[in-house]
Amino acid sequence: MLRIKNLNKSYNTRKVLDNLTFNIQPGEVYGLLGANGAGKTTTINIICNLLKADHGHITINNQPISENTKKLIGIAPQENLLYKTLSCAENLQFFADIYGLDKLTKQKQIETTLKAVNLSDRINSPVETLSGGMQRRLNIAVALVHQPQLIILDEPTTGLDIEARYEIWELINQLKNQGLTILLTTHLLDEAERLCNRIGILKNGKILAEGSLSELKKFIPGEEVLVLQTSEEEEAISIAEKWGFPIRRYGGDLAFLLPEPLELKEILTKFDTIPIDSISRQPIRLEHIYVEITKE
């Protein structure tokens, strides 16, 4: 569906994209992860033909990007692209007009799209009367109204409370089940873990690694994470080194990567010479993988 090959973009002497290459298959949710400044927004702007690359190639449904491919794309940006004093239907009508939908198709798509985002009962409600979660769903509806083939969701749950976030996750899963192709950017690693078929980790304009969660786990030199709190951290580190457990810090917590899952009793036996305040075994998560791949 989307193919990006050797994409380069610089602003003066600062290189933002450096031979960026990745593909998104039809019907999959692809998560593009990276810190601020990694090149996500620049990539999206080039895909949408709002910005010209210095070099490289992008095709959507085998068509090189151009004015003609804009109709193949729907985008829900970080900031809601909505007119607060207009109703839900009026907002969708405005964007449907921009995409050139005829009167009959437009009315049908407004009703269908509002139903898809569970806002049929708010069709005539002004946007300013909607909750934050509802506004985000309407923002996604704007991206869907013209029936695009590729949906770009740029941090769709930023700033939402947990209930509203779950609503957006449910909506994205519904779109996924309908076979839509989705490019998702997010800083929430649990969001990417739950929603994405494949994930690309972007840093300094390059994809450092990509694949499914199970494929990305190969970057971690262990099968399980052991988080340990003790007043004798140096001794704990010495014990871990003796057993060949790689040592990590996650959010300040001392952690060890176990080469294979161990019973808690066996772990306690290995560390029985030091006082332990708390100990926990954790599965390998995307946050561990992300830190491993992006660390200097």
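Whole-percent P(r), region 85-133, all Cα pairs, 10 Å bins from 0: 28, 55, 17, 0. On a per residue basis, the convex hull of the C-alpha atoms belonging to region 149-189 measures out at 63 Å³. Other residues within the sphere of radius under 13 Å centred on the Cβ of ILE4, judged by their own Cβ, net out at +3 (K and R +1, D and E -1). Note on region 21-168: lysine pairs with Cα distance below 30 Å, sequence gap of 8 or more or different chains, count 22. The calculated FRET efficiency for the pair ARG249 and SER214, based on their C-beta separation and a Förster distance of 25 Å, comes to about 0.50.
Mind listing which trypsin sites (Lys or Arg not before Pro) in region 77-150 are in a DSSP loop and have 12 or fewer other Cβ atoms within 10 Å? Don't skip to the end; give the middle numbers.
Numbers: sites: LYS84, LYS103, LYS106, LYS108, LYS115, ARG122, ARG136, ARG137; in loops: LYS84.
Here the trypsin sites (Lys or Arg not before Pro) that fit, given the DSSP loop and packing criteria, are LYS84.
Extension gain ARG194-GLU263, at 0.36 nm per residue separation less the Cα-Cα distance, in nm?
Values: separation 69, 0.36 × 69 = 24.84 nm, distance 2.74 nm.
Full extension from ARG194 to GLU263 adds 22.1 nm.
Let me check I have the definition right: for region 47-128, take the eigenvalues of the Cα gyration tensor, multiply each by 5, take square roots. What are those semi-axes in whole Å, largest first? Kindly include the intermediate steps, with their values, before the conclusion.
Working: eigenvalues 169, 45, 23 Å².
So the three semi-axes of region 47-128 are 29, 15, 11 Å.
Here HIS57 sits with roughly 130 square angstrom of accessible surface, probe radius 1.4 Å. Rg over Rh for region 185-253 works out to 1.07, both radii taken from alpha-carbon positions and Rh defined as the Kirkwood radius.
What is the percent carbon and sulfur in the accessible area of region 62-105, measuring with a 1.4 Å probe over the protein chains and ignoring ligands?
Details: 1480 of 2750 Å².
Carbon and sulfur atoms account for 54 percent of the accessible area of region 62-105.
Computed over every Cα-Cα pair of region 214-290 and binned at 5 Å starting from 0, the pair-distance distribution P(r) comes out as 3, 16, 30, 27, 15, 7, 2, 0 percent.
If R0 is 41 Å, what FRET efficiency do you get for ASN62 and ASN177 from their C-beta distance, rounded to 0.05? The value I calculate is 0.95. Relative to one another, the C-alpha centroids of region 143-215 and region 21-51 are positioned 11 Å apart.
Give me the one-decimal Kirkwood hydrodynamic radius in Å for region 118-209, with the sum taken over alpha-carbon pairs. Computed over region 118-209, the radius equals 14.3 Å.
Ligands, DNA and RNA left out, the accessible area of region 179-251 computed with a 1.4 Å probe is 46% carbon and sulfur. Rolling a 1.4 Å probe over the protein chains gives LYS52 an accessible area of about 140 Å².
What Kirkwood Rh does region 1-146 have if only Cα atoms enter the pairwise 1/r average? Answer in Å.
On the way: mean 1/r = 0.0595 Å⁻¹.
Final number for the Kirkwood radius of region 1-146 is 16.8 Å.
Accessible surface of SER87, taken over heavy atoms with a 1.4 Å probe and every protein chain present, rounds to 10 Å². Across region 186-203, computed HN-Hα scalar couplings (Karplus, 6.51 cos²θ - 1.76 cosθ + 1.60, θ = phi - 60°) run 7, 9, 8, 5, 5, 5, 5, 4, 6, 9, 8, 6, 9, 10, x, 9, 9, 8 Hz from first to last residue, x flagging Gly and Pro. Annotation: extensible slack from GLN78 through GLU90 equals 2.2 nm (criterion: 0.36 nm per residue apart, minus Cα-Cα distance).
Any idea of the accessible area per residue across region 135-248, 1.4 Å probe, to the nearest Å²? Could you put the intermediate results ahead of the total?
Working: 4870 Å² over 114 residues.
With all protein chains present, region 135-248 gives 43 Å² per residue.
Restricting the calculation to alpha carbons of the chain gives Rg and Dmax of 22.9, 77 angstrom.
For region 167-296, the calculated P(r), taken from all Cα-Cα distances in 5 Å bins from zero up to the bin holding the longest distance, is 2, 9, 19, 18, 15, 12, 10, 8, 4, 3, 1, 0 percent.
Note that region 249-296 presents 58 Å² accessible area per residue, ligands and nucleic acids not counted, probe 1.4 Å.
The values are calculated or read from the model by the stated rules, or taken from the named source; none is laboratory data. It should be emphasised that the depicted structure is a prediction, and the values quoted were computed from it without experimental measurement. Glycine gets a Cβ as well: all are built from the backbone with ideal geometry, and neighbour counts include every protein chain shown. For accessibility, only protein heavy atoms count, side chains too; no ligands or nucleic acids. Shrake-Rupley method; radii C 1.70, N 1.55, O 1.52, S 1.80 Å.
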